Ligand code: ADP
Ligand code: ADP
């Protein structure tokens, strides 16, 4: 099948810093792809370009055959809400809501009524083995529990792609690996692709495919392996 996401010769600078220099990447439907490489090699910047949060200076980003750069801001944000899910290093959960309400939130914002949204949120929390924090606020959950809640929130809209930027960066490696294994399994059940940025080898090893970054571009596979 054709790739779902394509970055083609993408460059991006911040002032004098060239974060991406001719980066190319393809993400296929349902695959779990890890982007690895040293800090500052451009992984997050590429993730932001792929997810339409950041516009490249040159090159092309395509999603499902459409050129992201040709879409207006509104179309891009509609696409982000509908087709993409996000998990960040620190859960970024809403502190005033319960964990259950946090997971239900993307559906509530899309117009789903409370009861069916929270029903699905409860099922996802169970799938991620964190039903016990459903009624608690994120501040009362542990780091690992909070990240599982964040994963559930990213999954609830059944996105085509989940973008995860160092989602285990704040966890110890045992906890981190558990969260990633659950993320990968739950994403695969739903057919969601995952683009996972991580500098941890053990975490990257959970992916179907690893792309190593260096100096703003992917290292050719023959060199990386
Ligand atoms: P990685 O995710 O591999 O650590 P990043 O994509 O975050 O790398 O960053 C690549 C380079 O671009 C780094 O030198 C970083 O400091 C710089 N950079 C990233 N985002 C910004 C920004 N918004 N403003 C200025 N510099 C940035
Ligand atoms: P990561 O750990 O994923 O590489 P960072 O902590 O470097 O991410 O960056 C977090 C956020 O800050 C990102 O949105 C990135 O674009 C931005 N950023 C990174 N480096 C710089 C920088 N030198 N100046 C301003 N913003 C930056």
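Brief remarks on what is shown
- Residues that are surrounded by 14 or more Cβ atoms within 10 Å (Cβ to Cβ) and out of contact with any helix residue (DSSP H, G or I) (no Cβ under 7 Å at 6 or more places or on another chain), drawn from region 1-21: 3, 4, 6, 8, 9, 11, 13, 18, 21
- Pairs linking a residue in region 43-64 that is touching a residue at least 12 places away in the same chain (Cβ under 8 Å) and more than 17 Å from residue 29 (Cβ to Cβ) to a residue that is assigned to a loop (DSSP other than H, G, I, E, B) and more than 10 Å from ligand 1 (Cβ to nearest atom), with Cβ atoms under 6 Å and 6 or more positions apart or on different chains, are 49/56.
- Residues satisfying the criterion are absent from region 63-76 (criterion: within 12 Å of ligand 2 (Cβ to nearest atom) and not in a loop (DSSP other than H, G, I, E, B)).
- Check on residue 44, at pLDDT 95 or above and not in a strand (DSSP E or B): yes
- Out of 89, 145, sole residue that is within 16 Å of ligand 2 (Cβ to nearest atom) and surrounded by 14 or more Cβ atoms within 10 Å (Cβ to Cβ): 89
- Test set (1) within 16 Å of ligand 1 (Cβ to nearest atom); (2) modelled with pLDDT of 95 or more - residue 52 fails condition number: (2)
- Residues of region 204-223 that are surrounded by fewer than 17 Cβ atoms within 10 Å (Cβ to Cβ) and within 15 Å of ligand 1 (Cβ to nearest atom): 214, 215, 219.
- Region 182-203 - residue that is crowded, with 22+ Cβ neighbours inside 10 Å and in a helix (DSSP H, G or I) and, of those, farthest from ligand 1 (Cβ to nearest atom): 187
- For beta carbons closer than 8 Å, sequence separation of 6+ or different chains, a first residue in region 18-41 that is over 14 Å from residue 218 (Cβ atoms) and within 16 Å of ligand 2 (Cβ to nearest atom) and a second that is at pLDDT below 95 and part of a strand (DSSP E or B), there are no qualifying pairs.
- Residue within region 153-171 that is out of contact with any strand residue (DSSP E or B) (no Cβ under 9 Å at 6 or more places or on another chain), in contact (Cβ under 8 Å) with a residue 12 or more places away in the chain and not in a loop (DSSP other than H, G, I, E, B) present: no
- Which numbered condition residue 49 fails, given (1) part of a helix (DSSP H, G or I); (2) surrounded by 15 or more Cβ atoms within 10 Å (Cβ to Cβ); (3) more than 14 Å from ligand 2 (Cβ to nearest atom): (3)
The values are calculated or read from the model by the stated rules, or taken from the named source; none is laboratory data. None of these values were measured; they are calculated from a predicted model. When we count neighbours, we look across all protein chains shown, and the Cβ atoms used for this are built from the backbone with ideal geometry, even at glycine.
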